[in-house]
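The structure appears below as structure tokens.
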Ligand SMILES: C[S@@+](CC[C@H](N)C(=O)[O-])C[C@H]1O[C@@H](n2cnc3c(N)ncnc32)[C@H](O)[C@@H]1O
């Protein structure tokens, strides 16, 4: 699990401006005990957890790192036998292969992998692929696709609004998912991705953006409508210190939901360029 209880307690405590001594007094324990939790030597006693959560203004679940993954409307879309998005890889996969051909076992993370078409395609081409999505049904189908193609993909369920990377990748791919990032999360999440990307590693990302002259898609999901849309060029801003291999905007027709409409998408391939 990608959660360190001690680090969480220390961060929360400092955010609230409480010293170890003060926290210990409120919990009726020694400050050495607090110090041991924070440096990972021990963990708090279960009987102390609810009081600790109350002092840190959080929940026991959050202290323990339990995060419920949101149930996306994609669970329903992925129910059928067919692959909702088909199995043709996204064009970003070819950009990746052009820039970083699999001459060595590059590590890839596919964020919001859906039913796994891109993750499986890259694994088939020799990349070491991890991929996550919120939708359990999508992951099940991705597992099946990987099995059919005799490749291993490390698939796991996670929420883009909670997940923090804890290992480095050479390549990060995400297609059609970043609009689920809540606005206040975007910068921090992308910073976390950048910090976990190897030197000369690349990010290949596309995101739907809002244009004043394009109406919301008739089948937009509730979460999409609730979230503030990305503005065109916003993605680029978070990568001002990386080298762009591609940054383009495309308006295209779509017929999802049976009603013709348009989307605007920004597409980016950027490199953690170190000379
Ligand atoms: C448009 S689909 C794209 C799927 C895949 N990248 C592809 O191109 O085939 C969007 C995906 O984002 C996933 N998703 C939605 N909200 C999410 C969240 N909060 N965390 C992780 N994935 C999420 C959905 O389950 C869905 O699979």
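The values are calculated or read from the model by the stated rules, or taken from the named source; none is laboratory data. The structure displayed is predicted, hence computed values, not measured ones. Cβ atoms come from the backbone with ideal geometry, glycine included; neighbour counts cover every protein chain shown.
Mind listing whichever residues of region 106-130 are touching a strand residue (DSSP E or B) at 6+ places or on another chain (Cβ under 7 Å) and closer than 18 Å to residue 180 by Cβ? Answer for region 106-130, where residues must be touching a strand residue (DSSP E or B) at 6+ places or on another chain (Cβ under 7 Å) and closer than 18 Å to residue 180 by Cβ: 109, 110, 111, 112, 113, 114, 116, 118, 119.
Residue pairs whose Cβ atoms lie under 8 Å apart, sitting 6 or more positions apart in sequence or on different chains, and linking a residue in region 183-194 that is assigned by TED's automatic domain parsing to the domain that holds residue 238 to a partner that is assigned to a helix (DSSP H, G or I), are 186/178; 186/234. Please verify whether region 97-104 includes one or more residues that are within 25 Å of residue 207 (Cα to Cα) and in a loop (DSSP other than H, G, I, E, B). Looking for residues that are within 25 Å of residue 207 (Cα to Cα) and in a loop (DSSP other than H, G, I, E, B), one finds at least one in region 97-104, hence yes. The single condition from (1) crowded, with 16+ Cβ neighbours inside 10 Å; (2) modelled with pLDDT under 95 that residue 109 fails is (2). Could you say whether any residue in region 73-91 is in contact with a strand residue (DSSP E or B) (Cβ under 9 Å, 6 or more places away or on another chain), in the same structural domain as residue 202 (by TED's automatic domain parsing), part of a helix (DSSP H, G or I) and more than 9 Å from the ligand (Cβ to nearest atom)? Yes. Counting residues in region 201-220 that are assigned to a helix (DSSP H, G or I) and either at pLDDT below 95 or out of contact with any helix residue (DSSP H, G or I) (no Cβ under 8 Å at 6 or more places or on another chain) (or both) gives zero. Applying the condition of being more than 26 Å from residue 252 (Cβ to Cβ) and surrounded by 14 or more Cβ atoms within 10 Å (Cβ to Cβ) to region 194-208 and asking which residue is farthest from the chain's Cα centre (by Cα) yields 200. Scanning region 3-47 for residues that are part of a loop (DSSP other than H, G, I, E, B), surrounded by 14 or more Cβ atoms within 10 Å (Cβ to Cβ) and touching a residue at least 24 places away in the same chain (Cβ under 8 Å) yields a total of 5. Would region 150-160 turn up any residue that is free of Cβ contacts under 8 Å to residues at least 24 places away in the same chain, farther than 18 Å from residue 75 by Cβ and in the same structural domain as residue 233 (by TED's automatic domain parsing)? Scanning region 150-160, I find at least one residue that is free of Cβ contacts under 8 Å to residues at least 24 places away in the same chain, farther than 18 Å from residue 75 by Cβ and in the same structural domain as residue 233 (by TED's automatic domain parsing), so the answer is yes.
If you take the residues of region 107-135 that are in contact (Cβ under 8 Å) with a residue 60 or more places away in the chain and more than 9 Å from the ligand (Cβ to nearest atom), which of them is nearest to residue 163 (Cα to Cα)? It comes out as 109.
Checked against (1) more than 19 Å from residue 141 (Cα to Cα); (2) surrounded by 12 or more Cβ atoms within 10 Å (Cβ to Cβ); (3) more than 10 Å from the ligand (Cβ to nearest atom), residue 98 meets all criteria but (2). Can you name every residue in region 145-171 that is part of a helix (DSSP H, G or I) and surrounded by fewer than 15 Cβ atoms within 10 Å (Cβ to Cβ)? If the condition is that a residue be part of a helix (DSSP H, G or I) and surrounded by fewer than 15 Cβ atoms within 10 Å (Cβ to Cβ), then 147, 148 are the ones that fit.
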